[in-house]
Amino acid sequence: TGAVSALIGGREDKTASLVYNRATSSVRQPGSTIKVIGEYAAAMNEDCITLGTVIDDAPYAYSDGTSIRNSYSAYKGMTTVRDAITVSGNVLALKVLQEVGVDTVYDYLCKFGITTLSEEDKNEALCLGGTYNGVTNLELTAAYNTIANDGNYIKPYYYTKIVDRNNK
């Protein structure tokens, strides 16, 4: 529905109104959490891959020749996209991004409600969550909610009405 059920943006006592809220204001590098809503969602929706598509998880490099490694410091060989998502393979994510295109992945992330992206993010590091500004937890959560909502993005909201003590 887009309704925010709970929000925790910091620790300790709230000492003022409108203080900095880490859940809504803080931008952080999303890392591998971006893979599903970035390259995998874009490639599936553009009919480049399915969850059953097999990709070779083997030594590989970015377009500029810089090698890329998996966080699990190994290679799994022929791997389905479903398993690639499960193990969060970096090589596999880069191959999918190259297949669908950086611009397409960037556009999909924007459609998923990520507003903190800039033109500087249109590069291959985007497949691993290497963004110039980062993303907020709120926007990342809303993006994943879009997948659970059959692809329909709903902007998060905190309340539906405000009433006074007389319920007006």
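If you go through region 93-117 and keep only what is of a type outside the set (A, V, I, L, M, F, W, C), open to solvent by less than 30 Å² (accessible area, probe 1.4 Å) and in a helix (DSSP H, G or I), you end up with Tyr106, Tyr108. Inside region 51-80, can you point out the residues that are open to solvent by 80 Å² or more (accessible area, probe 1.4 Å), among the polar types (S, T, N, Q) and within 15 Å of Val96 (Cα to Cα)? Ser63 - this is the single residue of region 51-80 that is open to solvent by 80 Å² or more (accessible area, probe 1.4 Å), among the polar types (S, T, N, Q) and within 15 Å of Val96 (Cα to Cα). Taking the criterion of being within 18 Å of Ala43 (Cβ to Cβ), in contact (Cβ under 8 Å) with a residue 12 or more places away in the chain, open to solvent by 80 Å² or more (accessible area, probe 1.4 Å) and not small (Gly, Ala, Ser), would at least one residue in region 120-139 satisfy it? Checking region 120-139: not a single residue is within 18 Å of Ala43 (Cβ to Cβ), in contact (Cβ under 8 Å) with a residue 12 or more places away in the chain, open to solvent by 80 Å² or more (accessible area, probe 1.4 Å) and not small (Gly, Ala, Ser). Taking (1) farther than 18 Å from Leu126 by Cα; (2) surrounded by 14 or more Cβ atoms within 10 Å (Cβ to Cβ); (3) in contact with a strand residue (DSSP E or B) (Cβ under 7 Å, 6 or more places away or on another chain); (4) not aliphatic (A, V, I, L, M) in turn, Asp83 satisfies each apart from (3).
Tally time: how many residues in region 1-60 are part of a helix (DSSP H, G or I) and either in contact with a Cys (Cβ under 7 Å, 6 or more places away or on another chain) or of a type in the set (Lys, Arg) (or both)? The number of residues fulfilling the criteria is 3.
Pairs are defined by a Cβ separation below 8 Å, a sequence spacing of at least 6 or placement on different chains, a first member in region 48-68 that is in contact (Cβ under 8 Å) with a residue 60 or more places away in the chain, and a second member that is in a loop (DSSP other than H, G, I, E, B) and open to solvent by 80 Å² or more (accessible area, probe 1.4 Å); no pair meets this definition.
Number of residues in region 1-31 that are of a type outside the set (A, V, I, L, M) and either touching a Gly at 6+ places or on another chain (Cβ under 6 Å) or at pLDDT 95 or above (or both) equals 6.
Restricting attention to region 33-50, the residues that are open to solvent by 50 Å² or more (accessible area, probe 1.4 Å) and within 19 Å of Asn145 (Cα to Cα) add up to 3.
The values are calculated or read from the model by the stated rules, or taken from the named source; none is laboratory data. The structure displayed is predicted, hence computed values, not measured ones. Cβ atoms come from the backbone with ideal geometry, glycine included; neighbour counts cover every protein chain shown. These area figures cover heavy atoms from the full protein model, side chains too; ligands, DNA and RNA do not enter into them. Shrake-Rupley method; radii C 1.70, N 1.55, O 1.52, S 1.80 Å.
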